[in-house]
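Asks: Here's a structure for you.
The values are calculated or read from the model by the stated rules, or taken from the named source; none is laboratory data. For clarity, every value in this text was computed on a predicted model and none was experimentally measured. No Cβ is skipped: glycine too gets one built from the backbone with ideal geometry, and neighbour counts run over all protein chains shown. When the accessible area is computed, the model is the full protein with side chains, heavy atoms only, and any ligands, DNA or RNA have been set aside. Shrake-Rupley method; radii C 1.70, N 1.55, O 1.52, S 1.80 Å.
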Amino acid sequence: MSRLSFTLARESSDSKARAATFQTLHGEVSTPIFMPVGTQATVKAQTVDSLKAVGSRVLLANTYHLLLRPGPEVFKKLGGIHRFMNWDGPVLTDSGGFQIFSLPHERAMNEEGARFKSYVDGTHYLLSPEVSIETQRAIGSDIMMVLDQCIPSTAPYAQAEAAMQLTHRWAERSLRARGDSPQALFGIVQGACHPDLRRKSAAFLRELPFDGLAIGGLAVGETHLERYEFTGLVTDELPRHLPRYLMGVGTPIDLLEAVHRGVDMFDCIIPSQLAQRGVVFTSQGKLQLRRAVHKFTEEPLDAQCDCQACRGYSRAYLHHLVKTEEVLGWHLLTIHNLRFYHRLMQDMRTHILRDEFAPFYEKMRVELIRTDEEHPSRPTKQKPRHTLPTRLGDYEVQISPQGYANIRQISSGEVMHSVSRPSEEANRLYIEQSSLATRLTRTDQEAGEFVIWDVGLGAASNAMAALACFEEQWRKNPTGIRPVRLISFECDLDPLKLAAKDPGRFPHLRHGAPHRLLENEQWQHPSLLFHWKLVTGDFSKTFEGTAHPDLIFYDPFSYKTDSALWTADIFARIHHFCRPKAAALYTYSSSTAVRVALLTAGFFVAEGVGTGPKADTTVAFSRAPGASGQATTPKLLGEAWLARWRRSGSKFPTHLSNEEKPLFEQRVESHPQFACVV
Ligand SMILES: [Zn+2]
């Protein structure tokens, strides 16, 4: 039976987030919870009173540091860490494993444990599972951790497997060493970034009589997306009835993402470490107090915060304290940051208890990655970066001479949005030209769902431009907007995965939606008025199973790379499928072959706007364009274009036989579009 009597209060219906309580030797704990780190039996620059005032409930202490100084004998004599530091709430101690394996010092490791030399006085120590537990028993923490072998999360398979197996053997020894102590003990799942090792480790540890299970070895080298992925993969394997603790993580957005994946407990030095550097988290984004913009500012750090720093002091004063490196500055900024963390955890718990976590998660994903929006720092002019582009599968990041990033397909050499900044091209070609903002406005005639096809999701430039357009309209008039269904078609998600790893270079991806789409193949705006769905696989085989479009962004790779998506056959099928509605298709191509394919498929074809060095693009309408909400009357191809086509060397598609040519010619010549032309 668990020593913590862990009780689930609520599990989210549309997320893995959960709210629970458990009982420790020093009182009840509600989860999800953030635990400030008190390495040396003190949270740096804080008193127990200031910690209680910001809402801290559980503190974390480091066994390794306390073993060396003051030493377990001090805790034995003075009656444990609670009396020693005057803290009457719960304490969790780590095992010392992380410090032994991550700090640079001499050590020798074998089955028994790790031998190392103290940085304090040069004494030799053996840290074994038994010594670690004995020390934690002397410290008298409420929750102890097993000794584990920590390795970089990027460690190769064989090394990760050996470390995991040693950690398992040490876990069993730790349980034996705990004996009948009333202190709780957590096992630690290891396995680096190898899914099967992580699953094996969780499966092994959940069979042992632990009071909780931790995820170790993350936040040490992997990307954010990998961290999220492995967190979710491990929590899927953990029992429901035990607390789950993600060790050493992280930033506010990391906590949100991990709670969403079913984690209950966290610790991290970030709130205190960033405070020391003058950085605070606020409801308006992250602020750097060292910056001169705060020198004369009388307002508080965060008008929405109730902490001592925000209630009592101006930004100007805190800026001064940070600049002069006064310890009061560190004290006050840590208070604020801890308050921010604890409030975030409380908010998450509240929303889980109401089963409203999913919309909260979507909202906060956007808010928590904001930077100082009031005072954006202007980056100093940099030379274009010439570092090696990052790669994934057949794609790599390419930096243009103007400094913006694009995705390039390596095998074809083709660059997505090759002619201008991706978001500019997306806006000009697909959003403005289609008058999307106007068309999203609810009117008496047009109130139903507006369906957009995004053919060729790529790095989601066009889709995100559509979402940005929706969000802007929704902010202006939340009740006057039509519901939107955006369907993105893509056969290879590597371009988006690659770009999503680097939102610094792809700023349109600084939004929760594309990341959620990659995970769940769908995303919904908190208003429920915008639903984004991903359809994977070959567009030609999938589109007929989706909703009839009003608007089509037709942006696959070019004819040269992906010829099947530019034939008259595929356009005829699209045209046929569009019959229930009047649909408009926008594409970057202005080639005669593409236009003639659209015409023979039954579309009315017009010239689209130019973008970058391209003089024009193409718009195709499934019905004769009339009052279809267009801002400007489309310039349908006319007699001049027809004359050019008649003279063109590429008048017929290459696959056409000689017998087929007259019929093809007649279909173009007799198209009603040209019949109208006088
Ligand atoms: Zn505050």
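Asks: Any residue in region 304-321 that's β-branched (Val, Ile, Thr): show its pairings with residues that are near the ligand (Cβ under 9 Å from one of its atoms) and not in a helix (DSSP H, G or I) at Cβ separation under 8 Å, as long as the two are six or more apart or on different chains.
Replies: none
Asks: Read through the list (1) within 13 Å of the ligand (Cβ to nearest atom); (2) over 30 Å from ARG18 (Cα atoms), then give the number of the only condition that GLN276 fails.
Replies: (1)
Asks: Among the residues of region 450-468, is any without any contact (Cβ under 8 Å) to a residue 12 or more places away in the chain, not in a helix (DSSP H, G or I) and not basic (Lys, Arg)?
Replies: No, the conditions are met nowhere in region 450-468.
Asks: What's the total number of residues in region 138-170 that are touching a His at 6+ places or on another chain (Cβ under 7 Å), within 24 Å of ALA219 (Cα to Cα) and open to solvent by less than 50 Å² (accessible area, probe 1.4 Å)?
Replies: 1
Asks: Of the residues SER132, SER128, SER141, which single one is of a type outside the set (A, V, I, L, M), touching a strand residue (DSSP E or B) at 6+ places or on another chain (Cβ under 6 Å), in contact (Cβ under 8 Å) with a residue 12 or more places away in the chain and under 21 Å from GLU172 (Cβ atoms)?
Replies: SER141
Asks: From the list ASP236, ASP267, which one is under 30 Å from ARG206 (Cβ atoms), under 25 Å from the mean Cα position of the chain (by Cα) and open to solvent by 40 Å² or more (accessible area, probe 1.4 Å)?
Replies: Answer to the selection: ASP236.
Asks: Right, here's the next one. Could you check region 97-137 and list, in sequence order, the residues that are surrounded by fewer than 18 Cβ atoms within 10 Å (Cβ to Cβ), of a type in the set (S, T, N, Q) and under 19 Å from GLN190 (Cα atoms)?
Replies: SER102, ASN110
Asks: So, one more: Hey, can you tell me all the residues within region 8-43 that are within 22 Å of SER56 (Cβ to Cβ), out of contact with any helix residue (DSSP H, G or I) (no Cβ under 8 Å at 6 or more places or on another chain) and either among the polar types (S, T, N, Q) or open to solvent by 10 Å² or more (accessible area, probe 1.4 Å) (or both)?
Replies: Residues satisfying the conditions are THR21, GLN23, THR24, LEU25, GLY27, GLU28.
Condition check ((1) under 30 Å from ASP148 (Cα atoms); (2) more than 15 Å from the ligand (Cβ to nearest atom)) across all residues:
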{"site": "HIS241", "(1), (2)": "yes, yes"}
{"site": "ARG261", "(1), (2)": "yes, yes"}
{"site": "PHE266", "(1), (2)": "yes, yes"}
{"site": "PRO271", "(1), (2)": "yes, no"}
{"site": "PHE281", "(1), (2)": "no, no"}
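Asks: Are any residues in region 493-513 touching a Gly at 6+ places or on another chain (Cβ under 7 Å) and either open to solvent by 10 Å² or more (accessible area, probe 1.4 Å) or in a loop (DSSP other than H, G, I, E, B) (or both), and if so, which ones?
Replies: ASP494, the sole residue that qualifies.
Asks: Search region 322-340 for residues being more than 11 Å from the ligand (Cβ to nearest atom) and in a helix (DSSP H, G or I), and hand back the single one that is surrounded by the fewest Cβ atoms within 10 Å (Cβ to Cβ).
Replies: VAL327
Asks: Moving on to the next point. Somewhere in region 63-83, is a residue open to solvent by 60 Å² or more (accessible area, probe 1.4 Å), under 29 Å from ARG244 (Cβ atoms) and touching a helix residue (DSSP H, G or I) at 6+ places or on another chain (Cβ under 7 Å)?
Replies: The answer is no, given that none of the residues of region 63-83 is open to solvent by 60 Å² or more (accessible area, probe 1.4 Å), under 29 Å from ARG244 (Cβ atoms) and touching a helix residue (DSSP H, G or I) at 6+ places or on another chain (Cβ under 7 Å).
Asks: Let me ask you something else. Where the second residue is outside any loop (DSSP other than H, G, I, E, B) and of a type in the set (S, T, N, Q) and the first is on the phi > 0 side of the Ramachandran plot and lies in region 635-650, which pairs have Cβ atoms under 9 Å and are six or more apart or on separate chains?
Replies: No pair meets every condition.
Asks: Now, a different point. For a quick check of your reading: which helices (runs of 4 or more DSSP H) sit entirely within region 46-85 and have at least 2 residues that are under 32 Å from the mean Cα position of the chain (by Cα)?
Replies: 48-54
Asks: If you scan region 287-304, which residues turn out to be in contact with a helix residue (DSSP H, G or I) (Cβ under 6 Å, 6 or more places away or on another chain), of a type outside the set (A, V, I, L, M) and closer than 18 Å to GLU367 by Cβ?
Replies: ASP302, the sole residue that qualifies.
Asks: Which residues, taken from region 171-191, are crowded, with 22+ Cβ neighbours inside 10 Å and assigned to a loop (DSSP other than H, G, I, E, B)?
Replies: Of everything in region 171-191, those that are crowded, with 22+ Cβ neighbours inside 10 Å and assigned to a loop (DSSP other than H, G, I, E, B) turn out to be GLN190, GLY191.
Asks: Within region 108-120, is there a residue that is part of a loop (DSSP other than H, G, I, E, B), out of contact with any helix residue (DSSP H, G or I) (no Cβ under 6 Å at 6 or more places or on another chain) and free of Cβ contacts under 8 Å to residues at least 24 places away in the same chain?
Replies: yes
Asks: Just one of (1) open to solvent by 10 Å² or more (accessible area, probe 1.4 Å); (2) under 30 Å from HIS331 (Cα atoms); (3) modelled with pLDDT under 95 trips up SER272, so point out which.
Replies: (3)
Rundown of residues vs (1) under 22 Å from CYS469 (Cβ atoms); (2) assigned to a helix (DSSP H, G or I); (3) open to solvent by 40 Å² or more (accessible area, probe 1.4 Å), yes/no style:
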site: HIS515; (1), (2), (3): yes, yes, no
site: HIS548; (1), (2), (3): yes, no, yes
site: ILE570; (1), (2), (3): no, yes, no
site: VAL596; (1), (2), (3): no, yes, no
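Asks: In region 290-321, which residue that is among the basic types (Lys, Arg) and within 15 Å of the ligand (Cβ to nearest atom) is most open to solvent (accessible area, probe 1.4 Å)?
Replies: ARG311
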